[in-house]
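First the structure, in the form of structure tokens, and then the observations on it.
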């Protein structure tokens, strides 16, 4: 390198300091594409848009009062998740339910949540347990009110709260992304009997956590998530045309 000199801080004390970078304006609301995506995904997962429903970029844009571009972006994201089937120049339809995708989601949830619920046995406080008991009480109220949507939301909140209160909230982020394929099955099977069954399982899980028994908590959690295989068979028997195993996601 010979006489090459690398200028270090301090070599030129009179040199002006670099101009500070401007602060970025923080977005206070989701982008239009995010809002379109969230709404369409919610409609698909709650079966307001059942499997096989045809969607049009133009019609969706018109109904929502937005341009086609954010709708196109939302369609691409939903297709990447396996919830839309886009045939260029032909049609876009809500994807049929893939049993394989549901079982993969179950596998991911089981791996993450059995470990998380073991951890909960040594990390949750009495106040945490009380808060989770309150969620279970709210689920009982939702069953009495025959409010399936509320029960479903409280079910998710129970699992999310255990993750957060165990100090691994990021685990729920991963679970949330993968569980969507299970949600359509859950919505199709949420009758009173199924809700009562899920409620009993939540009580058993929380009892094991309160007793500080990680093996029992993990077993109860595994049993809770494994029930999806029974639900698939029950739902498929009634709604066979909504299922496919052809589109293996991976």
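Where a number appears in this text, it was derived from the coordinates with a stated rule and is not lab data. Since we're looking at a predicted model, the values are computed, not measured. Note that we place each Cβ from the backbone using ideal geometry, even for glycine, and neighbour counts take in every protein chain shown.
Defining a contact as two alpha carbons under 8 Å apart and six or more residues distant in sequence, what relative contact order in percent does the chain show?
Answer for the chain is 24 percent.
Please list 182-191, 210-219 highest first by mean number of surrounding beta-carbon atoms within 10 Å per residue.
By packing density, highest mean first, the sequence is 182-191, 210-219.
How big is the shadow of the Cα convex hull of the chain, averaged over all directions, in nm²?
23.2
State whether the range 32-95 is rounded, prolate or oblate according to the following rule on the C-alpha gyration tensor (a ≥ b ≥ c being the square roots of its eigenvalues): a/c under 1.5 gives rounded; otherwise a/b larger than b/c gives prolate, and the remaining case gives oblate.
Rounded is the answer for the range 32-95, as its axis ratio a/c remains below 1.5.
Let's test the formula: R0 of 30 Å, r as the Cβ-Cβ distance of residue 31 and residue 107. What FRET efficiency results, to the nearest 0.05?
In this case the efficiency is close to 0.40.
Got the relative contact order for the range 32-95 handy, in percent, Cα pairs under 8 Å and 6 or more residues apart?
Rounded, it is 42 percent for the range 32-95.
From the square roots a ≥ b ≥ c of the eigenvalues of the alpha-carbon gyration tensor of the range 79-186, which class results: rounded (a/c under 1.5), prolate (a/b over b/c), or oblate? All intermediate terms of the calculation are to be shown ahead of the outcome.
Values: a/c = 3.12, a/b = 1.68, b/c = 1.85.
In terms of gyration-tensor shape, oblate.
Just to confirm the number: angle between the C-alpha axis of helix 214-226 and the first principal axis of the chain, 0 to 90 degrees, nearest 10?
Result, in degrees: 80.
Round to the nearest 0.05 the FRET efficiency obtained for residue 200 and residue 48 when R0 = 30 Å and r is the Cβ-Cβ distance.
So, using R0 = 30 Å, E works out to roughly 0.55.
If the elastic network links every pair of Cα atoms under 10 Å, which of 142, 127, 100 fluctuates the most in the Gaussian network model of the chain?
Result: 127 has the largest fluctuation of those listed.
I want to make sure I understand the PRE zone here: with the label point 7 angstrom from the Cα of residue 229 toward its beta carbon, which residues in the range 84-126 have backbone N atoms less than 19 Å away?
98-115
Starting from the Cα of residue 149, step 7 Å along the direction of its Cβ; do the same at residue 219; then give the gap between the two resulting points in nm.
Result: 3.9 nm between the two label points.
Using only Cα atoms, locate the centre of the range 198-250 and the centre of the range 71-149, then give the distance between them in Å, rounded to an integer.
When both Cα centres are located, 11 Å separates them.
Quick one: grab the alpha carbon gyration tensor of the range 64-124, order the square roots of its eigenvalues as a ≥ b ≥ c, and give me rounded if a/c is under 1.5, else prolate or oblate depending on whether a/b is larger than b/c.
oblate
What percent does the relative contact order of the range 90-210 come to when contacts are Cα pairs within less than 8 Å and at least six residues apart?
Averaging sequence separation for qualifying contacts and normalising by length gives 40 percent for the range 90-210.
For the pair residue 100 and residue 130, what calculated FRET efficiency results from E = 1/(1 + (r/R0)^6), where r is the Cβ-Cβ distance and R0 = 25 Å, to the nearest 0.05? Could you put the intermediate results ahead of the total?
Details: r = 40 Å, r/R0 = 1.59.
Calculated transfer efficiency: 0.05.
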